[in-house]
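Asks: Below is the structure I would like to discuss, written out as structure tokens.
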Ligand SMILES: Nc1ncnc2c1ncn2[C@@H]1O[C@H](COP(=O)(O)OP(=O)(O)OP(=O)(O)O)[C@@H](O)[C@H]1O
Ligand SMILES: [Mg+2]
């Protein structure tokens, strides 16, 4: 059974139909990259997956449960789906370690010492342990994004969503973040990643999805999609992206 | 000229200053501190009501704010001091207590009037500070499994509050000066005390010059302190 199954997903903002009919299923441990032109609804799709946007229609089945049902516990669900944003969104008034331990302590009622120990291990893992006690404003973008990943992992999610995690970064900082994500993928984390990093997509992803006009236009392995795209729109998009 | 020949600053200093720095400064400090703390509490509650999704609550608060901002502080003080006790007596009459008599101490009226007036202006400061916090902060909090309320109170409001502190400072200095309006409702603050002194001694020039000096001696250092706090808080921001 798929970990996440999305059926007939639609999302409109007033008159604007952003997602028209999206059907995707994601297996446990699978790494999915989402590509597509600007405005094609990639962020909207990802945000629907943890209900930062409420879908207009459709079903999202997580672990056998429809998360769009009225009585579904959204907060509980969000704990099992971590999200990383393009602009990191670290809490600026907390130290790096507090950013990581804040939600586990508040939401999961973890003991402070336990959360701190776990937090330090996660910071170690993303290579940020030496910055545990500084404030986010003193960090580079790449460092902030790695802390944001640690923060999301601290909730022990079963799946991670990344919305262009490296596109706000200076080019020389992109690699560190991608390496962390690569390790995460190796450990078997289920991931959905919106990215323009085609190298990362090719090396790490199990599946690539090309979205355009509110539909999934093409859904295949990254190798297949990059070397031999079926759809004309995929071809046009890839030739533009890969030539830059 | 007679006025100049009779100038006697030494006498005015000796007699008026102890009065000003006796009971009068007690009143000014009390109204300033208590009024200002209450104003922040009121401002905070009004701001919360304004950013809430509750349309009715929102409407009530907007009307209230318009009333407060559309009338002078002096009129509000007079209203609290003279009218509110009468209204309460009327209310008690209808509740079956016709003998109920109410007097409002001037200082209490001052604190109530000041805190409501300043609370209303401060509420707009806090509200815009809340709205100015990046939406991404709330989203990150929600994505971590916080409830909307937790995201508001644990993530957004601490930042909004911190960003508001420098503006609070400016209001604090204004409030100190506005305590002079309480002379109109019989509070023995600086202005009232000075006025009483001149009517006994006719040392008009001396007294009011000293009065102005006293305000400056309090307000200028306070304003400098506010600037200093502002600088520190700007430095600690990202
Ligand atoms: N909250 C919103 N209200 C109204 N319109 C929105 C909202 N969010 C997104 N949109 C619109 O939906 C469309 C899809 O936006 P979305 O951000 O999902 O695209 P995207 O594929 O992530 O693009 P990009 O590559 O530029 O990030 C855009 O036209 C955008 O203007
Ligand atoms: Mg996007």
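The values are calculated or read from the model by the stated rules, or taken from the named source; none is laboratory data. As the structure is a prediction and not an experimental result, all values here were calculated from the model. Cβ placement follows ideal geometry from the backbone for every residue including glycine, while neighbour counts extend to all protein chains displayed.
Asks: Return yes or no: is residue B:202 over 30 Å from residue B:234 (Cβ atoms) and either touching a strand residue (DSSP E or B) at 6+ places or on another chain (Cβ under 9 Å) or at pLDDT below 95 (or both)?
Replies: Values: over 30 Å from residue B:234 (Cβ atoms): yes; either touching a strand residue (DSSP E or B) at 6+ places or on another chain (Cβ under 9 Å) or at pLDDT below 95 (or both): yes.
Spelling it out, residue B:202 is indeed over 30 Å from residue B:234 (Cβ atoms) and either touching a strand residue (DSSP E or B) at 6+ places or on another chain (Cβ under 9 Å) or at pLDDT below 95 (or both).
Yes/no per residue for (1) more than 16 Å from ligand 2 (Cβ to nearest atom); (2) outside any loop (DSSP other than H, G, I, E, B); (3) more than 30 Å from residue A:62 (Cα to Cα):
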| site | (1), (2), (3) |
| --- | --- |
| A:83 | no, yes, no |
| A:92 | yes, no, yes |
| A:109 | yes, no, no |
| A:115 | yes, yes, no |
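Asks: Which pairs turn up if I take residues in the stretch A:33-49 that are more than 20 Å from residue A:198 (Cβ to Cβ) and within 14 Å of chain B (Cβ to nearest Cβ) and look for partners that are within 8 Å of ligand 2 (Cβ to nearest atom) and modelled with pLDDT of 95 or more with beta carbon separation below 9 Å, at least 6 apart in sequence or on another chain?
Replies: From residues that are more than 20 Å from residue A:198 (Cβ to Cβ) and within 14 Å of chain B (Cβ to nearest Cβ), the pairs are A:47/A:163.
Asks: Considering only residues of the stretch A:1-19 that are away from ligand 1 (no atom under 13 Å from the Cβ) and either in contact with a helix residue (DSSP H, G or I) (Cβ under 8 Å, 6 or more places away or on another chain) or closer than 13 Å to residue A:53 by Cβ (or both), which is nearest to the other protein chains (Cβ to nearest Cβ)?
Replies: Taking the stretch A:1-19 first, the residues away from ligand 1 (no atom under 13 Å from the Cβ) are A:1-8.
The next check asks that each one be either in contact with a helix residue (DSSP H, G or I) (Cβ under 8 Å, 6 or more places away or on another chain) or closer than 13 Å to residue A:53 by Cβ (or both); those that pass are A:4, A:6.
Numbers: A:4: 16, A:6: 18 Å.
It comes out as A:4.
Asks: Another question about this same structure. Being more than 16 Å from ligand 2 (Cβ to nearest atom), at pLDDT 95 or above and surrounded by fewer than 17 Cβ atoms within 10 Å (Cβ to Cβ): is that true of residue A:172 here? Steps first, answer last, please.
Replies: On the way: more than 16 Å from ligand 2 (Cβ to nearest atom): yes; at pLDDT 95 or above: no; surrounded by fewer than 17 Cβ atoms within 10 Å (Cβ to Cβ): yes.
Judged against the criteria, residue A:172 is not a match.
Asks: Just give me the residues in the stretch A:82-104 being at the interface with chain B (Cβ under 8 Å from one of its Cβ atoms), under 18 Å from residue A:51 (Cα atoms) and in contact (Cβ under 8 Å) with a residue 60 or more places away in the chain, in sequence order.
Replies: Within the stretch A:82-104, A:82, A:83, A:85 meet the criteria.
Asks: Test of understanding: among B:187, B:183, B:196, B:212, which residue is on the phi < 0 side of the Ramachandran plot, more than 14 Å from chain A (Cβ to nearest Cβ) and not in a helix (DSSP H, G or I)? Working first, answer last.
Replies: Numbers: B:183 fails: not in a helix (DSSP H, G or I); B:196 fails: not in a helix (DSSP H, G or I); B:212 fails: not in a helix (DSSP H, G or I).
Only one candidate passes the filter, namely B:187.
Asks: Return the residues of the stretch A:42-59 that are more than 16 Å from ligand 2 (Cβ to nearest atom) and buried (at least 21 other Cβ atoms within 10 Å of the Cβ); say none if nothing qualifies.
Replies: Step one: filter the stretch A:42-59 for residues more than 16 Å from ligand 2 (Cβ to nearest atom), giving A:51, A:54-59.
Result: A:55, single match.
Asks: Can you find even one residue in the stretch B:120-134 that is within 30 Å of residue A:158 (Cα to Cα) and assigned to a helix (DSSP H, G or I)? Step through it out loud before you land on a result.
Replies: Quick first cut of the stretch B:120-134, residues within 30 Å of residue A:158 (Cα to Cα) only: B:133-134.
When the remaining residues are screened for being assigned to a helix (DSSP H, G or I), the result is none.
There is no residue in the stretch B:120-134 that is within 30 Å of residue A:158 (Cα to Cα) and assigned to a helix (DSSP H, G or I).
Asks: Which helices (runs of 4 or more DSSP H) does the stretch B:1-75 wholly contain that include 3 or more residues that are closer than 30 Å to residue B:217 by Cα? Walk me through how you get there before you give the answer.
Replies: Working: elements: B:2-5, B:9-19, B:25-51, B:55-69.
It comes to B:2-5, B:9-19, B:25-51.
Asks: Within the stretch A:59-71, can one find any residue that is over 28 Å from residue A:186 (Cα atoms), within 14 Å of chain B (Cβ to nearest Cβ), away from ligand 1 (no atom under 12 Å from the Cβ) and outside any strand (DSSP E or B)?
Replies: The answer is no; no qualifying residue exists.
Asks: When you look at residue A:107, is it within 12 Å of chain B (Cβ to nearest Cβ), under 15 Å from residue B:155 (Cα atoms) and surrounded by fewer than 21 Cβ atoms within 10 Å (Cβ to Cβ), yes or no? Break it down stepwise before answering.
Replies: Working: within 12 Å of chain B (Cβ to nearest Cβ): yes; under 15 Å from residue B:155 (Cα atoms): yes; surrounded by fewer than 21 Cβ atoms within 10 Å (Cβ to Cβ): yes.
Taking the combined requirement at face value, the residue satisfies it.
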